[in-house]
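Any read-out appearing in this document is the output of simple, stated calculations on the displayed coordinates, not a laboratory observation. Just so we're clear, the structure is a prediction, and the values are computed from it rather than from any experiment. Note: ideal-geometry Cβ built from the backbone for every residue, glycine included; neighbour counts use all protein chains shown.
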Amino acid sequence: MPMMNLRQIIEEAWEDHSKLSHKPVQEAVHQVMELLDRGELRVAEPAAGGEWTVNEWVKKAVVLYFPLQQMETIEVGPFEFHDKIPLKKNYAGLGVRVVPHAIARFGAYLEKGVIMMPSYVNLGAWVGSGTMVDTWATVGSCAQIGRNVHLSGGVGIGGVLEPPQAAPTIIEDDCFIGSRSIVVEGVRVEKEAVLGANVVLTQSTRIIDVTGPEPVTYKGRVPARSVVIPGSYPKEFPAGTYQVACALIIGQRQESTNKKVSLNEALREYKVAV
């Protein structure tokens, strides 16, 4: 079915969920999910000027997919699951390394060269070539993970399904996300940034650049090549002054050196825990 027709059917079904009982609508939703699974369609994609475009209608299709699916038992060797969403298959054909007990759901796209240690990738997500999803890391629904990214052990990348216009959580190319870091609520980590261990980023988290004479505060975005560690700042409450979590930009990775060398130098120079 042509893309414009798919989009029109999805938009109409979103406005009137009773249309989900119609076979052409069901076929359209399933076709969108298959396109997502093959990487021929994305929930969000890079646009001009370093920005991202959110394909709202695709996110709507993902949400509409759930009520169409029935619970079923999935058996994988001695393991049993009970869920609505089938598991992703054909990893050998995709050129993806998947270590037991890594799981990706149907509708997630893994580019050739992705490595999944025991980890989880949810539907609608896009993970680029050369990326390592390390042990117990999770990639939430519709999250966009670039190429040559390292999601260290226990990293949590949040999913963003609703509202449809909301941007998903985005980790751009060549980023390093340190152990137990959490990035949620559609925060965007720009290219080549390094997050040290235990950095937590939400849309309300202050991301403070402390490398200059005056602090510069960002929210919802980590600038490209930033080296970031956890921090805190004092805030007044009725009960007194308490420390509130923030993130501190303490330096920059250098463009002039190889990305791997640059990462090692950044971690060594700034003594960033990973």
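State whether the stretch 1-148 is rounded, prolate or oblate according to the following rule on the C-alpha gyration tensor (a ≥ b ≥ c being the square roots of its eigenvalues): a/c under 1.5 gives rounded; otherwise a/b larger than b/c gives prolate, and the remaining case gives oblate.
Oblate.
Pick from GLN252, GLN243, GLN165: which is most flexible by mean-square fluctuation in a GNM of the chain where alpha carbon atoms under 10 Å apart are linked?
Residue with maximal mean-square fluctuation among GLN252, GLN243, GLN165: GLN243.
Nothing charged except the Cβ atoms of Lys and Arg (+1) and of Asp and Glu (-1): what's the magnitude of the dipole of the chain about its Cα centre? Round to the nearest 20 debye.
Dipole size: approximately 540 debye.
Rounded to the nearest 5, what is the percent of antiparallel bridges among the DSSP beta bridges in the chain?
40 percent
Ranked highest first by average number of other Cβ atoms within 10 Å, how do 190-201, 30-41 line up?
Put in order of decreasing packing, that is 190-201, 30-41.
Which of [x] 0.96; [y] 1.01; [z] 1.05 is the computed Rg/Rh (Cα atoms, Kirkwood Rh) for the structure on display?
Identified label for the calculated read-out: [y].
Add -39500 (n - 2.57) for each DSSP H run of 4 or more in the chain, then divide by its residues: what number comes out at 222 nm, to the nearest 500 deg cm²/dmol?
Taken over the chain, the calculation gives -6500 deg cm²/dmol.
Which aspartates and glutamates does LYS23 reach when only Cα atoms under 19 Å apart count, and residues fewer than 8 places away in its own chain are ignored?
Correct list for LYS23: GLU11, GLU12, GLU15, GLU34.
So if I place +1 on the C-beta of Lys and Arg and -1 on the C-beta of Asp and Glu, and nothing else carries charge, what would the dipole magnitude of the stretch 182-254 be about its Cα centre? I want it in debye, nearest 20.
The dipole of the stretch 182-254 has a size of about 160 debye.
Would you mind counting up the charge near GLY128? Only other residues with Cβ under 13 Å from its Cβ, with Lys and Arg at +1 and Asp and Glu at -1.
-1
Give the cross-link partners of LYS112 among the lysines, using a straight C-alpha distance below 28 Å as the criterion and excluding same-chain residues fewer than 8 apart.
LYS59, LYS60, LYS84, LYS88, LYS89, LYS191, LYS259, LYS260
Between GLU15 and MET71, what FRET efficiency follows from the Cβ-Cβ distance if R0 is 30 Å, with the result rounded to 0.05?
Efficiency at R0 = 30 Å is approximately 0.65.
How far apart, in nm, are the 7 Å Cα→Cβ label points at TYR218 and GLU162?
Simple spin-label model gives 3.1 nm for this pair.
Ordered by packing density, taken as the mean number of other Cβ atoms within 10 Å over each peptide's residues, highest first, how do 228-234, 80-86, 69-75 rank?
Per-residue mean Cβ counts within 10 Å order the peptides as 228-234, 80-86, 69-75.
What area, in nm² and to one decimal, does the C-alpha convex hull of the stretch 146-226 cast on average over all directions?
For the Cα atoms of the stretch 146-226, the hull's average projected area reads 5.2 nm².
Once you keep just the Cα pairs under 8 angstrom separated by 6 or more residues, what percentage relative contact order results for the chain?
Once normalised by length, the contact order is 10 percent.
Quantify how much of the Cα-Cα distance distribution of the stretch 111-188 extends past 17 Å, in percent.
Within the stretch 111-188, distances greater than 17 Å cover 33 percent of Cα pairs.
Using R₀ = 30 Å, calculate the FRET efficiency as 1/(1 + (r/R₀)^6) where r is the Cβ-Cβ separation of MET1 and ALA48; round to 0.05.
So, using R0 = 30 Å, E works out to roughly 0.60.
Measuring from a point 7 Å past the Cα of ASN90 along Cα-to-C-beta, which residues in the stretch 41-63 have an amide N at less than 19 Å?
Backbone N within reach: 41-42.
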